[in-house]
Amino acid sequence: MGRKILLVEDDRETADYLIRGLTEEGHSVEHVSDGREGLFLATGQTFDLIILDRMVPALDGLSVLKALRAANVETPVLILSALASVSDRIEGLESGSDDYLVKPFSFAELLARVNALLRRSEARSSAADPRLIVGDLEIDPLARTVKRGGRLIELKPREYKLLEYFARNKGRVVTRTMLLEQVWDYHFDPGTNVIDVHVSRLRRKLEDGFDEPILHTVRGAGYRLGQSS
Amino acid sequence: MPTGLKVALLAALLSLAANIAVVGFIRWQTYDDSAARIHRDVIEEAAVLEAVYATGDEAALRRAITDILVVRDPHYFAALLSPDGRPEAGNVAAIQRKPVAGYRIGRLRPLGARTDVDAAYTLRRLDSGDWLLSGRSFGQRLAFEQTLERSLLLALAIAVLLGLGAGYVLARYVNRRVRDIATVADRIGDGDMTHRVPLSGGDDAFDGLARQINRMLDRIAALMEELRLLTDCLAHDLRSPLGRLRARIDAALSAEDEARREALLAGVVQEADSLMRILTTVLEIGRAEAMASRAQFASLDPGDLVAELAEMYEPIVEEAGVELRLDKAAALPPLFGHRQLLAQAITNLIDNALAYAPGAELTLFARLEGDTLRLGVADRGPGIAPEDRAEARRQFGRLNAARSTAGAGLGLALVEAVAHLHHGQLELEDNHPGLIAALAIPVRATR
C-alpha cells in the first residue's frame, strides 16, 4: 500500500536516488530542497512520513523539526545527516525525530527504517489486541510470554525484547543498526558482529523443533521475522 | 601609563603611606602628650595668680609672685610687665614678642640668664594696663621631642626618596620578568613552539606563572604533534582500504559474470563501511578530546553499564571459546558520565581483547579503589610490553606485531579520549599474564 512521504533534501543526487527507490516501493514522494518550503508543506498537508536532511538551506533540519513539533504535527520524522558522531545522533533524536540515519547509508537501511516508522504510525491509530501474532508465533507483551504452535518458549529478557521488536516490524527488514539502537539503546557501531550472535541465538530458540524457519537473514540488509511465504 | 611606572608609583606611594603612619604614630604618642600637660599646668598656675588678683589688688599680686618664686622652680615663670612689655617684677628678664592677651608659645629670657628659652605662657592685662605673665619653659623633654619631630620629618623625606628608589628597582624587576614571558609568547606566536619561559629558580609567583605557561605550551605542542601524527597516520591508513576499494571497483567493472560482479560489489560496500567507521571514530576522538559532548552527561550506575555490556557480549565471547566473567563491586557510587561514549570505550576494550588475546577467559570489571572508579577488561593474552604501552595508546599506532590484525587501530586512542572526557585516564597494566585495560575515573570529578 503506497504512502505519502515528504522528502526535504537539497542534494539533487541523493534526492533522485531516494525518490526513485521509494516510488518503486509504491510510495508517493513530495520533494522540496529547502527547509522553509519543507516546513510550509509539512504544516499545510498531511504526510505519513517526513524524511528530513539535517543540513538544508533556508532553515536547517533540526529547526524545521522543532517548529513542526511545536505546531503539534506528530508525523514521524526520519533525519538524514552527514554528522556521524554519537553526540550528533543523540542531539538529533532528542530534538523530536523518530529516527536518525547517517549518510552515506544503503537504500536497504533507509527502506527498513521508513517501513518501521510507517508501521509505527499505523499501529498508533489501531490499538486493539495487544498480542502480537506472527504466523504460528504468539507474543503477549503484557505477560511477556512467547508461544510457537502453542508451545511455550523460554526467553531471556533481552531475547524477549529483541523478539518483540522483530514482531512489531513483522514481515519487514530490520537492520543490525536498528536493533542496536532500539533494543540496546547504543548509537555507535561496535564493529564486531555482536548483534548477529544474539539474533542467531534467538533464532535457535524459535526454530528448534520446528520445520519452518521464521527468522530470516536478508543478505546485505539485516533480518526479517515472518513466514517464508 | 606604562606598567613599570605604575608599579614604581604604587611602591613609592605604599612606602610613603607606611612611613607617614609610623612617624604620625610616634609623634602622637610623645609630643601631643607633653604639650597638653604643659598647656594644662600653665593655665592652672595662671588661674591661681588671677584668683589672687581678683580677690586683692596689684600689690597683693606682686607679693604672691614673690612668694611663689621662693620655691625656685627653674621651669616656672611668673612676672608683671609694664604695658609696653618691660618686666617690672618676677623672674623674667625679657619677652621676645609684644604682649598680647592669651596662651602663647614663644621665647623668653629668664632673670639672670644669657639666652632665651622656649616656653609656654599666658598673658593677662590688668586694670592698670600692666601684664600678668605666668608660664613654663619646655625643659629637656619637650626640647628632645622637638628634635625628634625634626628627625621624623627628615626620616619621612628620606623615606620618600627610598620609596621612589625601591619602586624603580621593583618596576625594573617586574618589567624584566614580564618581558621574558612576553618574548616567549612572541616567538611561539611566530610559530616556533620550542621556546619556553626561563625560570629564575626563586620559586616565586613569576616562576609559578612561567611553569604554568610552560606546561600549557608542552600540552599544546603535544596536541599539535598528536594532530600531525593523526593526519599522517590517517593518510597512511586510509590509503590501503582506498586502494582495495579502487581495485574491487575496477574488478567489478570488468567482471563478465553477474554473480562474481555482485560478490565484488558486496566487498566494495564492506570496504566503504570500514572507511566510514575509521572516519567516524576519528571524529568521535576529536569530539571527546574537545570535551564537546559534556551536554549529554547524565548520572548512571557504572555497575549496570558493565553488566549490560557483559550481557551483550557474552554470546560472542563464548562463541570465540572464551569465558566471560563479570567482576562488579556491590555498591558503586553513581557516575556522572556519557553513557554512549563509556559503552563505546569499554566495547573497544572488549573488541581489542578478543582480537589480540584469544585466551581462556576475559573479565569485565567495575571496581572502586579509593576515590577512583575502574571500568575495564582484563584478559589472559600476551599483554603489551611496558615499553610499547605509550605507542598502543596513540591513534592508529597499532603495535607492529598486530599490524596484520584488521580494525582495532583506533581503539585505545578513543578509550583514552573518553577517559579524559571524564577527567580520568586509560590505565594499562600487567595481568600476569595478560593485559588489564581500564578507564580510571575519579569519583569526585564526576559529580
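Every number here is computed from the coordinates shown, using simple stated rules; none is lab data. Just so we're clear, the structure is a prediction, and the values are computed from it rather than from any experiment. A quick note on method: Cβ atoms are made from the backbone with ideal geometry, for glycine too, and the neighbour counts reach across all protein chains shown.
Setting aside same-chain residues fewer than 8 positions from B:Lys98, which aspartates and glutamates have a Cα under 19 Å from its Cα? Those aspartates and glutamates meeting the cut-off are B:Asp84, B:Glu88, B:Asp116, B:Asp118, B:Asp127, B:Asp130.
Which one, A:Pro157, A:Asn169, A:Ser28, projects farthest toward the positive side of the charge dipole computed for chain A from Cβ point charges (K/R +1, D/E -1)? Farthest along the dipole direction, towards plus: A:Pro157. Neighbouring Cβ atoms from other chains, within 10 Å of the Cβ of residues in B:330-343, number 2 on average. Please work out the C-alpha center-to-center distance from the stretch B:184-262 to the stretch A:28-43 and express it in whole Å. Taking the Cα centre of each part, the stretch B:184-262 and the stretch A:28-43 sit 42 Å apart.
Binning all Cα-Cα separations of the stretch A:4-125 at 10 Å, short to long from zero, yields these whole-percent fractions: 14, 52, 33, 2. Across all C-alpha atoms in chain B, the radius of gyration and Dmax reach 47.9, 155 Å. Inter-label distance, A:Asn72 to A:Leu41: 2.5 nm, where each label sits 7 Å from its Cα along the C-beta direction.
Among the residues of A:219-225, the average count of other protein chain beta-carbon atoms within 10 Å of the residue beta-carbon is 1.
Go ahead and run the numbers for FRET between B:Ala298 and A:Lys156, Cβ-Cβ distance against an R0 of 35 Å, rounding to 0.05.
Approximately 0.85, to the nearest 0.05.
Each Lys and Arg Cβ is given +1 and each Asp and Glu Cβ -1; about its Cα centre, the stretch B:205-289 then shows a dipole of about 240 debye.
Report the relative contact order of chain A, percent, no decimals, based on alpha-carbon pairs under 8 angstrom and at least 6 residues apart.
On the way: 343 pairs, mean separation 30.2, N = 229.
That works out to 13 percent.
Please report, in debye to the nearest 20, how large the charge dipole of the protein assembly as shown is about its Cα centre when each Lys and Arg carries +1 at its beta carbon and each Asp and Glu carries -1 there.
Details: 83 positive and 96 negative charges, 452 e Å.
Roughly 2160 debye, rounded to the nearest 20.
Taken along the Cα-to-beta-carbon direction at a fixed 7 Å, the label points for B:Thr115 and B:Ala182 span 5.9 nm.
At a Förster radius of 35 Å, what calculated FRET efficiency corresponds to the Cβ-Cβ distance of B:Phe25 and B:Leu199, to the nearest 0.05?
On the way: r = 41 Å, r/R0 = 1.18.
My answer for the efficiency is 0.30.
Which shape class, rounded, prolate or oblate, goes with the stretch B:205-289 when its Cα gyration tensor gives a ≥ b ≥ c as root eigenvalues, a/c under 1.5 marks rounded, and past that a/b bigger than b/c marks prolate?
Values: a/c = 10.88, a/b = 4.19, b/c = 2.60.
Note, shape of the stretch B:205-289 comes out prolate.
Using 0.36 nm per residue and subtracting the Cα-Cα separation, the extra length available between B:Arg244 and B:Thr3 on full extension is 80.4 nm. Per-residue mean of foreign Cβ neighbours for A:194-207 is 3 (Cβ atoms of other chains, 10 Å radius).
The share of Cα pairs per 10 Å bin across the protein assembly as shown, counted from zero up to the longest distance, runs 3, 11, 15, 15, 12, 7, 5, 5, 4, 5, 6, 6, 4, 2, 1, 0 percent. From its DSSP helices (H runs of at least four residues, each -39,500 (n - 2.57)), the protein assembly as shown gives a residue-normalised ellipticity at 222 nm of -17500 deg cm²/dmol.
In debye, nearest 20: dipole of chain A around its Cα centre with unit charges on the Cβ of K, R (+) and D, E (-)?
Values: 32 positive and 36 negative charges, 174 e Å.
The calculated dipole for chain A is roughly 840 debye.
Backbone geometry of the stretch B:428-438 corresponds, through the Karplus equation with coefficients 6.51, -1.76 and 1.60 at θ = phi - 60°, to 3J(HN,Hα) couplings of 10, 9, 7, 9, 6, x, x, 10, 10, 10, 9 Hz, x marking Gly and Pro.
Between the stretch B:82-131 and the stretch B:18-79, the alpha-carbon centres lie 13 Å apart. Based on Cα contacts under 8 Å between residues 6+ apart, chain B shows a relative contact order of 10 percent.
Given the stretch B:294-446, what whole percent of its Cα pairs are spread farther than 28 Å? Working shown, then result.
Working: 1604 of 11628 pairs.
When every Cα pair of the stretch B:294-446 is considered, 14 percent fall beyond 28 Å.
Amide H contacts of B:Gly434: B:Gly383, each under 5 Å away and 5 or more positions distant or on a separate chain (H built 1.01 Å from N in the peptide plane; Pro and chain starts excluded).
Which of the pairs A:Lys103/A:Lys156; A:Lys103/A:Lys147; A:Lys147/B:Lys328; A:Lys156/B:Lys328; A:Lys66/A:Lys161 have their Cα atoms more than 32 Å apart in this structure? The answer is A:Lys103/A:Lys156; A:Lys103/A:Lys147; A:Lys147/B:Lys328.
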